[in-house]
Every structure is written in structure tokens, then in C-alpha cells.
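Visitor: Questions regarding the structure given below will be posed in turn.
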Amino acid sequence: KHKEPMETVMLEKTIIKLGGLLALGFGEAGAEVIGQNMKVSATAGVNAMVPGSKVEAIIGFCNIRNFMAATEVLKEKVMLFVNQVGEIVHGCVDDFHGAPNRNIGDAFLVIWRLTGLPEKQTKLADMSLMSFVKIIAEINKSRVIAAYRQHPGFQMRIQDYRVTLGFGLHCGWAIEGAIGSEYKIDASYLSPNVNVASKLEAATSQFKVWMLLSHSMVNMCSNEVALTCRLIDQVTVSGSRIPMRVYTVDLDVSRIHVVEQGPDRIIRNRFKIRQLREVRKSEKMAEEYRVWDAMTSNPDIRQMRQLFSEEFFQRFAMAYRNYEAGEWLAARDMLFTCHYQPQHDIGRRLVTSEADWPVDGPTVTLLRFMRHWDYEAPKDWLGYRQLPE
């Protein structure tokens with residue numbers, strides 16, 4: 001049997017590896033940079049200064065909380081920690097047709113490019129939200145991630161430590177292309193909308209929630225998925241004067257249990273794993289696949305949503321309408337009753353201290369803001385406020 005020369009085989013494998021590394025390093029945003037350079041065959045030089053292109057996209061930003069403590073506790077092992085979290089984040093985003101774009105230490109930027117008919121864009125919006133909810137479930141189910149809860153260094157610094165992330169989700173235009181110089185380039189996205197997504201993520205700590213979404217993001221979702229989002233405030237972010245309604249998806253991760261062991265049958269062939277992932281991904285774009293059905297049938301999501309009663313959502317919605325209208329005393333009294341589960345003595349208790357307030361993060365945030373003004377809306381109140389940095 002004729003054998004190929006060893007040099008040819010080695011060269012072929014090297015080219016395949018280099019191509020794989022290029023795709024891994026540049027991602028979806030770098031495809032245009034690579035494509036433009038491959039077109040120019042007259043020279044072997046690389047031209048990094050390819051003009052960017054304007055795209056419409058869903059922009060997701062997620063951040064590992066308490067990362068400073070993680071770097072102090074884990075030291076050189078913090079890289080392994082970030083990669084373990086990144087594996088879950090990237091995996092869930094890819095499963096739902098998103099593209100991981102940039103890792104900035106403790107933060108991940110992910111993108112869903114909006115192409116095709118409005119129906120497809122609505123499905124992508126639903127899938128972006130679903131992917132973030134799945135990440136939250138998987139982070140709290142993972143045996144590898146759960147091991148950090150028992151780390152003595154974390155236990156000394158943070159009471160009841162668990163790995164938590166904040167998520168911001170927004171949509172709009174962005175310029176896709178290469179940023180840098182002839183010495184080093186990164187394929188990424190530039191836009192005020194990327195900044196909005198990062199501001200939303202940063203605000204999750206203030207509201208004590210996992211996720212914040214802009215009104216433009218929620219408006220793009222299907223009606224059923226949009227109804228899972230709770231309107232919690234209207235704000236302006238730094239750099240913009242346009243008020244933006246802010247939503248969250250309420251999730252109780254204390255009901256998620258760590259998976260003690262993996263499946264009995266583990267596929268070790270990476271190519272086979274990739275094939276199976278691509279099949280699952282293509283099934284999600286089929287016409288009969290509905291994200292809402294997947295959400296309501298997912299046992300993890302059902303468990304995380306179980307705590308929140310319909311009465312709670314109705315009470316908060318009524319309180320919020322009064323807050324936005326400037327009727328702050330009425331809003332305050334209704335917010336005092338916003339417990340996750342119905343309380344039999346509501347209306348008979350005198351709420352005098354913050355210790356008696358409901359535990360809901362957005363409820364506490366609005367009450368604190370109104371208390372600063374002695375529960376009387378300013379004369380120039382227009383229904384929104386500046387989001388604190």
C-alpha cells in the first residue's frame with residue numbers, strides 16, 4: 001500500500017491545527033478578518049486593519065462575583081477556576097446558538113447575531129435568555145464548582161460562599177471587527193450597547209438578582225417567555241439619557257442540588273461529542289422547537305421558579321406602578337407585603353424596621369431609594385432614576 005510522505009502528513013496536520021487554533025482564538029467575530037486576509041493571495045503578509053462591519057446582535061455579559069477573593073484564595077489555580085466556569089458558560093451559550101466572544105478575567109462577553117426573519121430573531125432572543133438560565137442551573141449543579149464551597153479560604157472570607165455570576169442581556173447594533181495593531185489584535189464588538197449590557201450585569205449586585213434584561217431585549221422575546229420576566233425599575237445608565245425599563249427572571253438556586261456523579265457512559269471521542277452537540281443545536285432551530293415549552297418542561301427551571309407565587313408577582317406589579325407614578329406612600333405599603341409566598345398576617349403587622357422588610361432584592365432596592373426621599377417623590381420625578389454606579 002502506497003504511504004504518503006511523512007512530511008506531507010505532518011504539514012497537513014499542522015495546517016488543520018493552526019486552522020483550529022485560529023477559529024478558537026478569533027471566534028465568530030474574527031471570521032471576517034480571516035476571510036479578508038485569505039482573499040489577498042499576492043502577499044504572505046497579514047493585514048490586521050480590516051474595516052469593521054455593523055451588525056444587529058443580542059449582547060450578553062456575565063461576570064464571576066467575588067473574583068478578588070477568588071484570586072487571593074486560589075492564586076495560580078484561579079486560571080483553572082475561571083476555565084471551569086467558562087466551560088459551563090461557553091457550552092450553554094453554544095448550545096443555544098450563541099457565540100462566546102471575549103474573556104476578560106472574571107467576565108465573559110457573548111453574542112447572538114440577529115439575522116433572518118423576525119420569527120428567527122424572536123427565537124434567538126428566547127434562546128439567549130434560556131441559555132443564561134441554564135448556566136445558572138448548571139453552575140449550581142456542578143460537582144466541580146460546588147467543591148469551592150468547602151474551600152477553607154473562601155469560608156474564612158465569605159459566609160455561606162457559593163460560586164455566583166451576574167448576567168446582563170441587551171440588544172442593538174454593534175461594530176464587529178478587529179481591535180489592536182500589527183502587534184496584537186482581538187476580534188470583538190464595539191458599541192454603546194455593549195456598555196449597556198455590562199452596566200446591567202454590574203447592577204445585578206445592587207438588586208440582589210442573578211440577571212437583568214433591558215426592555216428592548218424583553219420586547220424581542222416571545223410573549224410567553226417575556227411573561228417570565230419581572231419589571232423591577234426604570235433607569236438611565238451613564239452615557240445615555242434615554243430611560244430604560246429593567247427586568248429580571250426570578251430564580252431560587254437553593255432548590256438546585258449538586259449532581260453527585262456523572263452519567264455511566266462517557267463519550268471520550270471529542271469529534272463524536274462535537275457531532276452530538278451540532279445535532280442538538282440544529283434541533284433547536286427546527287420549527288417545532290419552542291423555547292417556552294423547553295423552559296416549562298425543564299425540571300431544574302421548574303424547581304428554581306417554584307418559590308415565587310402568583311400573588312407575589314401581582315403585589316409587586318401593583319407596587320411598581322405606584323412607584324413609577326410617583327405615589328410612593330402607596331408603593332411603600334404595597335412593597336411591605338411583597339413576600340414570595342402568601343402571608344396570612346399581611347396588613348396587620350406594623351413594619352417599622354428594615355429587618356421586617358421582605359427578602360426580595362428588587363423590593364428592598366426600591367424601598368431604600370424611596371426612603372432616601374422620605375417616601376415622597378421629587379417634584380421633577382418622571383418615573384425613572386439614574387442607575388447608581
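Visitor: Does Ala178 count as under 20 Å from the mean Cα position of the chain (by Cα) and in contact (Cβ under 8 Å) with a residue 60 or more places away in the chain?
Guide: Details: under 20 Å from the mean Cα position of the chain (by Cα): no; in contact (Cβ under 8 Å) with a residue 60 or more places away in the chain: yes.
Considered against the rule, which asks whether it is under 20 Å from the mean Cα position of the chain (by Cα) and in contact (Cβ under 8 Å) with a residue 60 or more places away in the chain, Ala178 comes out as no.
Visitor: Still on this structure, please answer the following. For region 84-93, state whether one or more residues are over 30 Å from Thr115 (Cα atoms) and in a helix (DSSP H, G or I). Steps first, answer last, please.
Guide: Within region 84-93, the subset over 30 Å from Thr115 (Cα atoms) is 84.
From the residues that got through so far, the ones that are in a helix (DSSP H, G or I) too are 84.
Yes, that holds for at least one residue.
Visitor: With region 207-286 as the region, which strands (runs of 3 or more DSSP E) entirely inside it contain at least 2 residues that are assigned by TED's automatic domain parsing to the domain that holds Ile301, loosely packed, with under 13 Cβ neighbours inside 10 Å and modelled with pLDDT of 95 or more?
Guide: Values: elements: 211-214, 229-236, 244-249.
Per the criteria, no element qualifies.
Visitor: Continuing with this model, one more query. Return yes when Val133 is in the same structural domain as Ile88 (by TED's automatic domain parsing), assigned to a helix (DSSP H, G or I), over 28 Å from Arg305 (Cβ atoms) and among the aliphatic types (A, V, I, L, M) and no when it is not.
Guide: Values: in the same structural domain as Ile88 (by TED's automatic domain parsing): yes; assigned to a helix (DSSP H, G or I): yes; over 28 Å from Arg305 (Cβ atoms): no; among the aliphatic types (A, V, I, L, M): yes.
In short, no.
Visitor: Could you list, in sequence order, the residues of region 147-185 that are surrounded by fewer than 18 Cβ atoms within 10 Å (Cβ to Cβ) and in a helix (DSSP H, G or I)?
Guide: Within region 147-185, the first condition is being surrounded by fewer than 18 Cβ atoms within 10 Å (Cβ to Cβ), and the residues that meet it are 147, 149-153, 155-160, 162, 164, 173, 175, 179-184.
Of everything in region 147-185, those that are surrounded by fewer than 18 Cβ atoms within 10 Å (Cβ to Cβ) and in a helix (DSSP H, G or I) turn out to be Ala147, Arg149, Gln150, Pro152, Gly153, Gln155, Met156, Arg157.
Visitor: Also, I was wondering about something else. Out of the residues in region 317-326 meeting the condition of being without any contact (Cβ under 8 Å) to a residue 24 or more places away in the chain and not aliphatic (A, V, I, L, M), tell me which one is surrounded by the fewest Cβ atoms within 10 Å (Cβ to Cβ). Working first, answer last.
Guide: Here is the first cut: in region 317-326, the ones without any contact (Cβ under 8 Å) to a residue 24 or more places away in the chain are 318, 321-322.
Of the ones still in play, those that are also not aliphatic (A, V, I, L, M) are 321-322.
Details: Arg321: 14, Asn322: 17.
Checking each candidate, the answer is Arg321.
Visitor: Same structure, new question: On the basis of being in the same structural domain as Ala174 (by TED's automatic domain parsing), within 20 Å of Gly168 (Cβ to Cβ) and at pLDDT 90 or above, does Ala69 make the cut? Break it down into steps so the answer makes sense when it comes.
Guide: Working: in the same structural domain as Ala174 (by TED's automatic domain parsing): yes; within 20 Å of Gly168 (Cβ to Cβ): no; at pLDDT 90 or above: yes.
Against the criterion (in the same structural domain as Ala174 (by TED's automatic domain parsing), within 20 Å of Gly168 (Cβ to Cβ) and at pLDDT 90 or above), Ala69 does not qualify.
Visitor: Output yes when any residue across region 70-81 is of a type in the set (Val, Ile, Thr) and within 18 Å of the chain's Cα centre (by Cα), and no when none is.
Guide: The initial filter retains those residues of region 70-81 that are of a type in the set (Val, Ile, Thr), namely 71, 73, 78.
From the residues that got through so far, the ones that are within 18 Å of the chain's Cα centre (by Cα) too are none.
The answer is no; no qualifying residue exists.
Visitor: I'm told Lys54 meets every condition in (1) farther than 20 Å from Val209 by Cα; (2) modelled with pLDDT of 95 or more except one. Can you identify the failing condition by its number?
Guide: The failed condition is (2).
Visitor: Just the residues that are closer than 15 Å to Lys54 by Cβ and either outside any strand (DSSP E or B) or in contact with a Gly (Cβ under 6 Å, 6 or more places away or on another chain) (or both), please, taken from region 188-206. Show your work before the answer.
Guide: Quick first cut of region 188-206, residues closer than 15 Å to Lys54 by Cβ only: 188-194.
Matches in region 188-206: Ser191, Pro192, Asn193, Val194.
The values are calculated or read from the model by the stated rules, or taken from the named source; none is laboratory data. Keep in mind that what you see is a predicted model, and the values were worked out from it rather than measured. In this analysis, Cβ positions are derived from the backbone assuming ideal geometry, glycine residues included, and neighbour counts consider all displayed protein chains.
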